[in-house]
Amino acid sequence: MTQSLAMLFFLFQNPRAIEAFNRPSAYMGVGAFNMVRRSKYEAFGGHEPLRLEVVDDVFLGMLVKRFGGRSVFFLGPDAGHIHWYSGLFAYIRGLEKNAFAGLRFSIPLLILAVVGQILIFFAPLVIVILGNPVESFIGLCSLIIAHGLFVCTCVRQESSAFHGILLLPAIILQFYTFIRSAFVITLKKGVTWRDTFYRLEDLKDAQRSLRGPLIPRK
């Protein structure tokens, strides 16, 4: 599951753009592996602007770029490890508060993300089955490329290359995880985080402020 999540990130975000000074819209952050210079961290007020941000690690990276900093993206499976979730169900429950937040609590963005993944990963399979020989060949090539990229992601994360055959089931589980997150948060009208309930409207307001003109671009 984590490999499919990483693959989706690389599909929609260019690591080189993250390092570019002139691309403030390209940013990232990964939890405990964020390393930020103290001078830059204090320049934007530390975690104060992020006090109501569920995916604060990601938007910490955004603030660094907004305040003229430079981000460098590293893949270092040999450099450090952290235990994330114990098993599939823990992963799904763990992303309950994060998945929908990463989509700005937006139903249209959720629909766009799901439809986009269907077109990328499942439309080629339909074309292989229902298309004419030329269309089927093109669809098959698309499937081979997609699974090849997934295998590369698995290998770079020190996982088995045989996990490549699990791409489509993994994407389906990602659908479920994100849709479940949206359903639960919308139904509860908020997020329970570290034994505290945060109202959905307050979280949306905080995200709007964080992305708005109150954060200067330098």
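The values are calculated or read from the model by the stated rules, or taken from the named source; none is laboratory data. Keep in mind that this is a model prediction, so the values were computed, not measured. Quick reminder, even Gly has a Cβ in these numbers, built from the backbone with ideal geometry, and neighbours come from all protein chains shown.
The set of residues in region 101-133 being under 16 Å from residue 204 (Cα atoms) and free of Cβ contacts under 8 Å to residues at least 60 places away in the same chain consists of 102, 106, 108, 109. For region 32-55, enumerate the residues that are surrounded by 10 or more Cβ atoms within 10 Å (Cβ to Cβ), modelled with pLDDT of 80 or more and in a helix (DSSP H, G or I). Hits for region 32-55 are 40, 41, 42, 43, 49, 50. Looking across region 79-100, the residues that are in contact (Cβ under 8 Å) with a residue 60 or more places away in the chain and either assigned to a helix (DSSP H, G or I) or among the charged types (D, E, K, R) (or both) come down to 88, 91, 92, 96, 97, 99, 100.
Inclusion of residue 153 among residues that are under 21 Å from residue 85 (Cβ atoms) and of a type outside the set (Gly, Ala, Ser) is warranted. If we scan region 98-119, do we find a residue that is within 22 Å of residue 165 (Cβ to Cβ), modelled with pLDDT under 90 and out of contact with any helix residue (DSSP H, G or I) (no Cβ under 8 Å at 6 or more places or on another chain)? Yes, because at least one residue in region 98-119 is within 22 Å of residue 165 (Cβ to Cβ), modelled with pLDDT under 90 and out of contact with any helix residue (DSSP H, G or I) (no Cβ under 8 Å at 6 or more places or on another chain).
Please tell me if residue 82 is touching a helix residue (DSSP H, G or I) at 6+ places or on another chain (Cβ under 6 Å), of a type in the set (A, V, I, L, M) and loosely packed, with under 15 Cβ neighbours inside 10 Å.
Yes; evaluated as a whole, the condition is true for this residue.
Screening region 156-167 for residues that are farther than 22 Å from residue 82 by Cβ and surrounded by fewer than 16 Cβ atoms within 10 Å (Cβ to Cβ) and picking the one that is modelled with the highest pLDDT gives 165.
Taking residue 58, is it closer than 24 Å to residue 205 by Cβ, surrounded by 15 or more Cβ atoms within 10 Å (Cβ to Cβ) and modelled with pLDDT of 80 or more?
Considered against the rule, which asks whether it is closer than 24 Å to residue 205 by Cβ, surrounded by 15 or more Cβ atoms within 10 Å (Cβ to Cβ) and modelled with pLDDT of 80 or more, residue 58 comes out as yes.
Taking region 120-155 as the range and being at pLDDT 85 or above, within 16 Å of residue 175 (Cα to Cα) and not small (Gly, Ala, Ser) as the test, only 122 passes. Number of residues in region 107-164 that are of a type in the set (A, V, I, L, M), over 30 Å from residue 186 (Cβ atoms) and within 23 Å of the chain's Cα centre (by Cα) equals 7.
Can you find even one residue in region 183-206 that is exposed (fewer than 14 other Cβ atoms within 10 Å of the Cβ), under 19 Å from residue 85 (Cα atoms) and in contact (Cβ under 8 Å) with a residue 60 or more places away in the chain? Yes, that holds for at least one residue.
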